[in-house]
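The values are calculated or read from the model by the stated rules, or taken from the named source; none is laboratory data. Note that the structure is a prediction, hence the values are computed from the model and not measured. Methodologically, a virtual Cβ is constructed for each residue, glycine included, from the backbone with ideal geometry; neighbour enumeration extends over all protein chains shown.
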Amino acid sequence: MRLTRRACGGLALLLGIRPGRAAPSMVDVLALRGFDPVSYFLPGGPQPGLPRFELSWKGRVWRFASAANREAFRRDPIVYAPRLAGYDAAGILEERLVDADPLVFALIGEKLYLFRNPGRRARLLAEPGLAERAEALWPSLSRLTDGGPD
């Protein structure tokens, strides 16, 4: 089947592609819903990233509030990227991949963990060994994702 130019334009609009822009990659997904991963480690907490300060890493597009934050991430992304590929750490303990809210987070042992809601966050913070247990379970669950273990 051959699509007309008009049909292609309508399909592009349906998919959210603006004329003159490249089609979004099915691999490159916006990480942390656009929040700057470095900002979680700075006073003031999570800040929205800006499209002009982007870079791709591990099949995701990461946005930053400044060029300095982007450069810090570029130098050592493992330090700043959320653990467990950004899935809810409490969900990993349940051996499930649960989407997380980037505004519900905790820094545990200088590592960023995300959670679906404050109750799940409180559970993990109440028992110090749970973060390590989630890390131990992660390799067996990471095979269910596209990125593999981080």
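Things worth noting here:
- Evaluated against (1) modelled with pLDDT under 95; (2) in contact with a helix residue (DSSP H, G or I) (Cβ under 7 Å, 6 or more places away or on another chain); (3) farther than 23 Å from VAL38 by Cα; (4) not β-branched (Val, Ile, Thr), LEU97 falls short on exactly one condition, (1).
- Here ALA12 passes the criteria (1) farther than 27 Å from VAL104 by Cβ; (2) at pLDDT below 95; (3) exposed (fewer than 14 other Cβ atoms within 10 Å of the Cβ) except the one numbered (3).
- Residues being touching a strand residue (DSSP E or B) at 6+ places or on another chain (Cβ under 6 Å) and touching a residue at least 40 places away in the same chain (Cβ under 8 Å) - total across region 91-111: 2
- ALA81 among the aliphatic types (A, V, I, L, M), closer than 23 Å to SER142 by Cβ and surrounded by 16 or more Cβ atoms within 10 Å (Cβ to Cβ): yes
- Among (1) over 29 Å from GLY44 (Cβ atoms); (2) surrounded by fewer than 18 Cβ atoms within 10 Å (Cβ to Cβ), the one test that SER142 misses: (2)
- Of the residues LEU112, LEU137, the single one that is on the phi < 0 side of the Ramachandran plot and not in a helix (DSSP H, G or I) is LEU112.
- A search for C-beta distances below 7 Å between a residue of region 44-63 that is under 16 Å from PHE105 (Cβ atoms) and any residue that is of a type in the set (Lys, Arg) and surrounded by 15 or more Cβ atoms within 10 Å (Cβ to Cβ), counting only pairs 6+ apart in sequence or on different chains, returns GLY49/ARG63.
- Of residues in region 74-94 being of a type in the set (A, V, I, L, M) and touching a helix residue (DSSP H, G or I) at 6+ places or on another chain (Cβ under 9 Å), the one farthest from VAL38 (Cα to Cα): LEU93
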